[in-house]
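S.K.: Below you'll find the structure I mean.
The values are calculated or read from the model by the stated rules, or taken from the named source; none is laboratory data. Worth saying up front: this structure is predicted, and the values here are computed from it rather than measured. Reconstructed Cβ throughout: ideal geometry from the backbone, glycine too, with neighbour counts over all protein chains shown. Please note that ligands, DNA and RNA were not included when accessible areas were found on the heavy atoms of the full protein model with its side chains. Shrake-Rupley method; radii C 1.70, N 1.55, O 1.52, S 1.80 Å.
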Amino acid sequence: MDKFRALIVEEVSENIFQRKILKKTTDFLKENDTLIKVAYSTLNFKDALSARGHKGITRNYPHIPGIDASGIVINSKSGKFKSGDKVLVTGYDMGMNTFGGFSELISVPSDWIVPLPENLSLREAMIFGTAGFTVGLSIDSILENYISPDDGSVLVTGATGGVGSLAVMMLSKIGFKVIASTGKAEKTEFLQSIGANEVISRNDVINETEKPLLPKKWIAVLDNVGGLTLSTAIRSTSNHGVICAIGNTSSDKFSISVYPFILRGVRLIGIDSAETEMSKRLKIWQKISTDWKPNNLDLIVKETNLDSLSEEIDLMLQGKQCGKVLIKISDEYE
């Protein structure tokens, strides 16, 4: 393919950015060892920030955002992949300072590429994307710390987002009782329909007192919020429970004493999906495609295409998205 379409973000003047769907030739791509025709991508908050011109995420423009992609290998110089292989790519530097998945073509190092698991379609792989992979890493951390569904409930904060909704579904799939916390009361039925046993207001999680310990409410937490929500969640976690810190939609800072850690043995685990080593990446994707795969993924999907993507980015930046925004890049596959 000599030409391809992509959503390209340009800095038209200092700190003024615009997004356009443009047609480019392949020499526009930075050369890496593997060229992939993209079938699907998905919209993450990091993508929306990059598309807005956030130079803490993307240093140089013009740029093609998109930290996730699934598709078909066109050619590879690495020997690891051949033409026609179905693959997916999440994380590393793709979509940040390497042109990403909001494009009909991507050029990436073969070391970033995961062969598509047998039980996943290219479409399903992007319903999960980085969000699902992050949830998978969190579930792995919970299980590796000897926590089972019989030990108590799992709190999911920011439950209507991409990570949150997949967390509700995947935890429910493997038998955990899920408490979903949200600031969107109108989404209660949605959260119940995807597996939440209990839906609470985000304000119900927050405790502004300085008490070092609070009554025990859950055995594990997947926190997308940070700040006081994270502080309260830690203080409300049962003995030897696990908190997976995933995001910071409220704040990147929190204050807490050491008492939950030394009196209850609570463990706070940071989840970084972008730089996960390949051996673990393959293990997690295998579990996502089998034991942790929900049966009703389409309940959380809003499907769009490149031409309508800019509007979806604006909605995400306004906090108006729910579930996963799936981007169909090519009509040729699935």
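S.K.: Just to be sure before I move on: is SER107 assigned to a strand (DSSP E or B), more than 20 Å from the chain's Cα centre (by Cα) and surrounded by fewer than 21 Cβ atoms within 10 Å (Cβ to Cβ) in the structure I sent?
M.R.: yes
S.K.: Can you report the number of residues in region 110-119 which are part of a loop (DSSP other than H, G, I, E, B) and crowded, with 23+ Cβ neighbours inside 10 Å?
M.R.: 0
S.K.: Would you mention how many residues in region 121-146 are more than 28 Å from VAL242 (Cα to Cα) and open to solvent by 10 Å² or more (accessible area, probe 1.4 Å)?
M.R.: 3
S.K.: Residues THR237, THR232: which one is closer than 18 Å to TYR146 by Cα, buried (at least 17 other Cβ atoms within 10 Å of the Cβ) and without any contact (Cβ under 8 Å) to a residue 60 or more places away in the chain?
M.R.: Selected residue: THR237, the only one of THR237, THR232 that is closer than 18 Å to TYR146 by Cα, buried (at least 17 other Cβ atoms within 10 Å of the Cβ) and without any contact (Cβ under 8 Å) to a residue 60 or more places away in the chain.
S.K.: Check every one of the strands (runs of 3 or more DSSP E) wholly within region 243-334 and list those with 1 or more residues that are open to solvent by 40 Å² or more (accessible area, probe 1.4 Å) and among the hydrophobic types (A, V, I, L, M, F, W, C).
M.R.: Ranges flagged: 267-270.
S.K.: I've got another one for you. Could you check region 150-168 and list, in sequence order, the residues that are farther than 18 Å from ILE288 by Cα, in contact (Cβ under 8 Å) with a residue 24 or more places away in the chain and in a helix (DSSP H, G or I)?
M.R.: If the condition is that a residue be farther than 18 Å from ILE288 by Cα, in contact (Cβ under 8 Å) with a residue 24 or more places away in the chain and in a helix (DSSP H, G or I), then ASP151 is the only one that fits.
S.K.: Which one of SER231, SER251, SER279, SER255 is more than 23 Å from VAL114 (Cα to Cα) and modelled with pLDDT of 95 or more?
M.R.: Result of the check over SER231, SER251, SER279, SER255: SER231.
S.K.: With ASP140, ASP93, ASP111 as the choices, which residue is under 25 Å from THR232 (Cα atoms) and not aliphatic (A, V, I, L, M)?
M.R.: ASP140
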